[in-house]
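Structure first, then comments.
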Amino acid sequence: MINLSDLNPEQREAATTVKGPVLILAGAGTGKTRVISYRIAHMTSTGIPADAIVALSFTNKAAREMAERVKALTGAAVAKQLRLGTFHSFCLSMLREFSEAAGVDRRFSIAATGDQMDLVRKALEEKGWQGTYALDILHAQISRAKNMLLSPEDFRRMASPGPSGIDPVVLAEVYDHYERQLKLHRVIDFDDCIFKAVKLLQDHADIRATLQERYRYLMVDEFQDTNSAQLTVLEHLAGTRHNICVVGDDDQSIYSWRGAMFETLERFERLFPGTKVVKLEQNYRCSNVILDAANTVIKNNSKRKEKALWSKSKEASPIVISALDSDEAEARWIAEKCMSLLGEGHQPRDIGILYRSNNLSRPIEMALREVGIATKTYGGQNFFERKEVKDFLAYLRLVINSDDRMAFWRVVNVPARGVGLKTLEKIEDIAKRLRKSPYGVIKASEHREHFQRQATALDKFTALISDLSQSGLSTPADVEALGQRIIKDCGLLDDVRQNNEQGASRDRKLESLRVLPAWLRKACEEMVDESGKLDAYELLDRITLSDQTPRKEEDKSGNHVSLMTIHGAKGLEFPYVFVCGVEEDVLPHKNSLVESGGIAEERRLFYVALTRAKKRIHLSYTLERSSHGRSTSRFPSRFFKEIPETLMVHASDMSKMEAGAAHAEVRKTNTLSQLSKIRESLTSGKW
DNA sequence: AATTCGTCAACCAAC
DNA sequence: TTGACGAATT
């Protein structure tokens, strides 16, 4: 039996209610992940086989967190047997297992973000509409449709103008052509992982029954971020057994742009009648000041489940508000404050710096580097979006599966080997006609005559790929060796070295290539750890669905200041938090003003940011911020007005405060003059 | 076929 | 600011 005495009564109830539908309403910092891991541990210790338990979450980070906690409680042996991961990875594994019924190619790849854009572009070209619509908007709309389980035809039938402002008939047309591109390239996209899994479960009663029997206990973390497609997957798996437990917090629903509805919690209760609801309200994370502020802010949202978060914490550092002249000044200010925190003996890992969007990170990274503080920036320009990394991975994909069309087109002429547009068209033409993969076409000798001059180059290429595909891949070390060969034998390294690549980007590329093989090995090792086997396809899936970026040497200790978006910080906590760019048009984001429910979602985002902090939080805004070169004037965020004034101090008054009693009470320190200063700075803007 | 140069748009969040 | 793309050049 697992020892549950570390849990409070509500947590314990949540952890021990195993049968039937359970909804755990878990406010920020109330020990949500803890409850999930104890619940799993409790279940396995009472004889439920670990491989009958599915635990899903929305993000990789949350999934990893869950995995680690369970492992600590139950040991690696049990943890290994659990089906634990993101929705996408779980659904993908169903598609791989039942590929035929799911109507997907036996060997399919997943189109990563960049690939998706390429395919949207191609779809647009087919219609001759290139340049008329923004690719990212089109793709977002397609994604939205898929998350609502709508086919192109459904979409056209609905034909009501969406928030994008683009004619729905046009959207449906692009969607349709985009789908054809996916088929043509034998790939599925992220949303298809869910979409096709739903169809698989819907259309195949036998498979559905098999899976319901296999996965008898379902658990979902971050349930408020579940979209309707994902909820449908759950519905099918839960069958009539209804052993499903979800954990969520409507106040932290910040992914509505991916189709999540924060009403989803209520929908759950309707879907599974007799749901047992457990509320976790004791916060173990934040100081009272921070919790008060967060509670007050979030009360401005209507339509939320009422919660009363409370905490025993006595810490009473006020929220520090700081106005800076520019983004550089803001960055320097943060760097300075970090220095003094480190000077007080705190660790870099105790500090988190949060921002609304990735582009705010750069000045701060630079300022911190200048004062010699180790940082790690999470997310952002995804490592896998870099050209050199995509090329590398395309080679890897092609070596593992020479039929991978997307990979083929990407690298057939990288580095340049004299294969141009004409030749590519010829290949594509033959491939289409003979229904072969393009690689198959250039590999087969009977087509040689079509490529007189390029034949040598193409032969070399196929020789290279087939040579590499001979490499054994049974251990992580093998995979690393293959990685080494890819950067050397395929000429990726030489290409960067020789071609007159500019300083900074050249260095970056060399660095990327340098770390890739070792990173690949690490990914394999983790995989072997969890599932005990090494499967090349699974490796590729993981890489595509992964958000892990290779660690640089200096991060080995793990002791660095963390920089990330607020979205990325959900579920994390830091003793000291900085939120920068708390400005109108940034937080709340300018687009949110025109989106329905936009401001409420931005407020939840702000709430998430506040509740990441355990001890102290600094909020900063600038009067001027440069964006794409030009500098524009800024106004403090409207959300400042929602924080009780007694809980804030203006940074310019900090020195006075510190000169007085070091730990003076917030209330007393807020003299009238200070308050008026804050008010002045907050009301000077246009709101 | 490959390189180079100029123009233009992106800057919201992630699997 | 960066990058991606397309036309023009070699």
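The values are calculated or read from the model by the stated rules, or taken from the named source; none is laboratory data. Nothing here was measured: the structure is a model prediction, and the numbers come from that model. Heads up, the Cβs are rebuilt from the backbone with ideal geometry, glycines too, and the neighbour counts pull from every protein chain shown.
Annotations for the structure displayed:
- Residues in segment A:172-197 that are surrounded by fewer than 22 Cβ atoms within 10 Å (Cβ to Cβ) and of a type in the set (Phe, Trp, Tyr): A:Phe190 alone.
- Taken together, the residues in segment A:307-327 that are over 27 Å from A:Ser633 (Cβ atoms) and within 28 Å of the chain's Cα centre (by Cα) amount to 2.
- From the list A:Leu82, A:Leu135, A:Leu149, the one residue that fits, being out of contact with any His (no Cβ under 8 Å at 6 or more places or on another chain) and within 13 Å of DNA strand B (Cβ to nearest atom), is A:Leu135.
- Scanning segment A:499-525 for residues that are at pLDDT 75 or above and within 16 Å of DNA strand B (Cβ to nearest atom), we see that the one that is surrounded by the fewest Cβ atoms within 10 Å (Cβ to Cβ) is A:Arg506.
- Some residue of segment A:467-488 being away from DNA strand C (no atom under 16 Å from the Cβ), under 22 Å from A:Met406 (Cβ atoms), among the small types (Gly, Ala, Ser) and buried (at least 19 other Cβ atoms within 10 Å of the Cβ): yes
- Listed by first and then second residue, the pairs linking a residue in segment A:420-433 that is on the phi < 0 side of the Ramachandran plot to a residue that is among the polar types (S, T, N, Q), with Cβ atoms under 7 Å apart and 6 or more places separating them unless they lie on different chains, are A:Thr423/A:Gln454; A:Ala431/A:Ser437.
- Per the conditions (1) more than 14 Å from A:Phe190 (Cα to Cα); (2) of a type in the set (Gly, Ala, Ser); (3) surrounded by fewer than 21 Cβ atoms within 10 Å (Cβ to Cβ), the sole criterion not satisfied by A:Gly114 is (1).
- Here A:Thr611 fulfils each of the conditions (1) β-branched (Val, Ile, Thr); (2) free of Cβ contacts under 8 Å to residues at least 24 places away in the same chain; (3) buried (at least 24 other Cβ atoms within 10 Å of the Cβ) apart from (2).
- Positions within segment A:109-135 being aliphatic (A, V, I, L, M) and part of a helix (DSSP H, G or I), in sequence order: A:Met117, A:Leu119, A:Val120, A:Ala123, A:Leu124, A:Leu135
- Residues that are free of Cβ contacts under 8 Å to residues at least 60 places away in the same chain and over 18 Å from A:Asp221 (Cα atoms) within segment A:75-84 comprise A:Gly75, A:Ala77, A:Val78, A:Gln81, listed in sequence order.
- Here segment A:407-444 is the region considered, the condition is being closer than 14 Å to A:Leu468 by Cβ and aliphatic (A, V, I, L, M), and the residue that is nearest to DNA strand B (Cβ to nearest atom) is A:Val411.
- Among the residues making up segment A:539-550, a single one is of a type in the set (Asp, Glu) and modelled with pLDDT under 85: A:Asp547.
- Scanning segment A:576-610 for residues that are in contact with a helix residue (DSSP H, G or I) (Cβ under 6 Å, 6 or more places away or on another chain) and either under 12 Å from A:Gly352 (Cα atoms) or within 16 Å of DNA strand C (Cβ to nearest atom) (or both) yields a count of 6.
- Unique match (being at pLDDT 90 or above, among the acidic types (Asp, Glu) and either near DNA strand B (Cβ under 10 Å from one of its atoms) or buried (at least 16 other Cβ atoms within 10 Å of the Cβ) (or both)) among A:Asp350, A:Asp404, A:Asp391: A:Asp350
- Test for A:Lys590: is it near DNA strand B (Cβ under 9 Å from one of its atoms) and over 21 Å from the mean Cα position of the chain (by Cα): yes
- Within segment A:278-290, one or more residues are in a helix (DSSP H, G or I), out of contact with any Leu (no Cβ under 9 Å at 6 or more places or on another chain) and not aliphatic (A, V, I, L, M).
- Against the test of being under 20 Å from A:Arg106 (Cα atoms) and among the acidic types (Asp, Glu), the options A:Asp404, A:Asp459 yield a single qualifying residue, A:Asp404.
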